[in-house]
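One structure below.
Bear in mind these aren't lab numbers, they're just calculated from the coordinates by the rules spelled out. In this text the structure is predicted, and so the values were computed from the model without any measurement. Glycine gets a Cβ as well: all are built from the backbone with ideal geometry, and neighbour counts include every protein chain shown.
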Amino acid sequence: MRAGSWRTFEHKFKPMVSDDGSYLQPFRDVCDKPVELVWTVIEAEGKMYCAAGFHVVNRIDYLLCEKPWTPADELRDYVY
């Protein structure tokens, strides 16, 4: 399956800006949030993607969004 674009991700889920001005959030800032608002930025095949929920393998950091993902969104990654 082809990954969705960052622009689509921004529009659909509304990622929040962290204290340092980036979208990346450390685990300590997202660990107590609802899983449906969290995306993991992962590295795969030399590219970075956003994957719904908490992931450990190839994890770069996390994104916290205003709008939750649904079970159907778990099947799609987005280019970061």
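Kindly provide the set of residues from the stretch 48-80 that are within 12 Å of residue 12 (Cβ to Cβ) and aromatic (Phe, Trp, Tyr), ordered by number. Outline the logic, then answer.
Narrowing the stretch 48-80 to residues within 12 Å of residue 12 (Cβ to Cβ): 50, 52, 65-70, 72-73, 76, 78.
Passing the criteria: 69, 78.
Residues that are within 16 Å of residue 56 (Cα to Cα) and either of a type in the set (Gly, Ala, Ser) or in contact with a strand residue (DSSP E or B) (Cβ under 9 Å, 6 or more places away or on another chain) (or both) within the stretch 1-28 comprise 24, 25, 26, 27, listed in sequence order. For the stretch 40-62, name all the residues that are aromatic (Phe, Trp, Tyr) and over 18 Å from residue 20 (Cβ atoms). Result: 49, 54.
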